[in-house]
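Read through the structure below, which is laid out as structure tokens, and then see the notes.
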Amino acid sequence: MRIPESIKDTAPVGISAAQSSDVPNLKQLAPTTANEVAPGEFHFIARYQSQNGAEIIVNQVPVEGSTIETIKGFYKEPTEVTEINGHTVVYVDGEHRIAAHLFLNDHLFNVSTSTGDLDDVMNVLQQIQE
């Protein structure tokens, strides 16, 4: 599993870069769950809440069969493509849901929220490492 054990919250307004070590972690709402989707391949799901009350869901799945085009085709809303830490991210900043998908070697990470904003989602993706 590559979902970080702890994820720093988006820095609240008023905390300077010098105080960034004081930024709290997101509150994990339930233990991370794992479902075996194929022999030795797992789908991990973690749920978090930020200090401002935004609920954020993080999924890690095998990348097999997922491409930028299949992710873009999943949404009715316009999607955008960017990079985080040198890896491709497809995201949608929708009216009812914000979601971003990070392609990281052999895994796909999906971070979504219906109560937060795009900054919340991108903050989480920036903390996922190979």
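The values are calculated or read from the model by the stated rules, or taken from the named source; none is laboratory data. Values in this document were obtained by computation on a predicted structure and should not be read as measured data. Cβ atoms come from the backbone with ideal geometry, glycine included; neighbour counts cover every protein chain shown. When the accessible area is computed, the model is the full protein with side chains, heavy atoms only, and any ligands, DNA or RNA have been set aside. Shrake-Rupley method; radii C 1.70, N 1.55, O 1.52, S 1.80 Å.
General remarks:
- Qualifying residues in the range 44-60 (those that are outside any strand (DSSP E or B) and not hydrophobic (A, V, I, L, M, F, W, C)) - the one least open to solvent (accessible area, probe 1.4 Å): Ser50
- Enumeration of residues in the range 101-121 that are touching a helix residue (DSSP H, G or I) at 6+ places or on another chain (Cβ under 6 Å) and polar (S, T, N, Q): Thr113
- In the range 117-130, residue nearest to Gln60 (Cα to Cα) [restricted to those that are assigned to a helix (DSSP H, G or I) and open to solvent by 70 Å² or more (accessible area, probe 1.4 Å)]: Gln126
- Options Glu64, Glu41: the member that is surrounded by 12 or more Cβ atoms within 10 Å (Cβ to Cβ) and closer than 18 Å to His107 by Cβ: Glu41
- Filter result for Ile71 (more than 13 Å from the chain's Cα centre (by Cα) and buried (at least 20 other Cβ atoms within 10 Å of the Cβ)): yes
- Among the candidates Ile56, Ile71, the residue that is in contact with a Gly (Cβ under 7 Å, 6 or more places away or on another chain) and touching a residue at least 24 places away in the same chain (Cβ under 8 Å) is uniquely Ile56.
Yes/no matrix, rows are residues, columns are (1) out of contact with any strand residue (DSSP E or B) (no Cβ under 7 Å at 6 or more places or on another chain); (2) β-branched (Val, Ile, Thr); (3) in contact (Cβ under 8 Å) with a residue 60 or more places away in the chain:
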| residue | (1), (2), (3) |
| --- | --- |
| Leu102 | no, no, no |
| Leu108 | no, no, no |
| Val111 | no, yes, no |
| Asn123 | yes, no, yes |
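- Any hit, the range 19-30, residues being assigned to a strand (DSSP E or B), on the phi < 0 side of the Ramachandran plot and within 12 Å of the chain's Cα centre (by Cα): no
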